1. What ranking do 150-163, 128-141, 38-51 get when scored by the average of other Cβ atoms within 10 Å per residue, highest first?
2. Determine ³J(HN,Hα), in whole Hz, for all residues of the stretch 218-223 in sequence, where each value follows from phi through the Karplus function 6.51 cos²θ - 1.76 cosθ + 1.60 and θ = phi - 60°; x replaces Gly and Pro.
3. Once you sort the root eigenvalues of the Cα gyration tensor of the stretch 3-242 as a ≥ b ≥ c, which label holds: rounded (a/c under 1.5), prolate (a/b larger than b/c) or oblate (the other case)?
4. Specify the angular offset, from 0 to 90 degrees and rounded to the nearest 10, of the alpha carbon long axis of helix 59-75 from the longest principal axis of the alpha carbons in the chain.
5. Before anything else, pin down the relative contact order of the chain: Cα pairs under 8 Å, at least 6 apart, normalised by residue count, whole percent.
6. Under 14 Å from a label point 7 Å along Cα→Cβ of residue 58: give me every residue in the stretch 111-151 with its amide N that close.
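Read-outs: derived from the displayed coordinates by stated rules, not from any lab. Fair warning: this is a prediction, and the values are worked out from it, not measured in the lab. With ideal geometry, Cβ positions are generated from the backbone for all residues, glycine too; neighbour counts draw on all protein chains shown.
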Amino acid sequence: MPERDVAELLRDAKRVVVFTGAGMSAESGVPTFRDALTGLWSRFDPKSLATPEAFAADPALVWGWYEWRRAEVERVRPNPGHEAVAAIEAHVADTVVITQNVDDLHERAGSRGPIHLHGSLFSPRCSSCGKPAGLPAPGEVGGRMEPPACAHCGAPVRPGVVWFGEQLPTSALSAATEAAFGCDLLFTVGTSGVVYPAAEIPYVAARSGAVVVQVNPEATALDAVSDINLRGTAAEVLPDLVD
Ligand code: BJW
């Protein structure tokens, strides 16, 4: 089905969900995780960086890596795909953006309160008492960095992201599931669909009768649940749907 027909589906939709992954921000210059040459997991070991055990074993390595990633995100800008998602929200009042991304590019493009299933690079918290911590002032990044100490209990502050083996924030997951359950059109954009429970979101929408449209230049695990596959990048395909 060509983009023209999807634009028509969008015009008729009452409740829309846009479910995004790392590919959404790729054209802004933020690397994905699993792309063969440029993905973070092709260059870095997720077990040594994105697990609670890794932070316990070497907090300076993990904190420094996430501060480097935060600095990289601060240097880039939303792309036309993020802007198109914000335009969908402007056209269809009942639109919910659910992102697995830990960047803030949806917000900077004008999206209202996207649900962050995997947390954020911008919400560090105490690794022991869980109280939110302030962001450190910009400084030298690019290697090991000792995390700041919690102002309340003195334990190391950790990045506010969801690592492998950790539970997703309950309120975010239930709001996302509820939105997917009630929508009539769901876009899944730039995600490989291999990380659970986030990857269940398009299946929840499909089971409740929604049309699922995938925007991705490559085949993914979510091809199986997608009614329509638009093979292209987020910044190429999404703006055409809202012109
Ligand atoms: C473009 C593009 C362009 C490129 N335009 N597209 C069921 C089965 C098997 C395993 C499990 C299961 N349930 C749970 C698990 C375990 C695990 C898991 O899913 N493992 C699998 C990988 C095997 N899940 C967990 O551990 C989760 N927790 C959990 O289940 O807890 C249970 C529990 C219960 C009770 C108590 C305690 C625990 C947590 C998962 C957390 C994931 N965290 C990460 C890191 C976040 C922090 C950080 O940023 O460092 O989240 S991993 C990483 O993957 C990140 C992403 O959000 C996530 C998804 O990746 P995404 O976004 O799909 O990126 P890619 O790179 O995979 O794909 C990019 C796509 O874009 C590609 O398709 C490209 O083609 C495309 N693309 N350019 C459009 N321009």
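1. The peptides rank, most packed first, as 150-163, 38-51, 128-141.
2. 10, 5, 9, 4, 8, 4
3. prolate
4. Rounded to the nearest ten degrees, it is 50.
5. Taking the mean separation of contacting Cα pairs over the length of the chain, I get 26 percent.
6. Those under the cut-off are 143-146.
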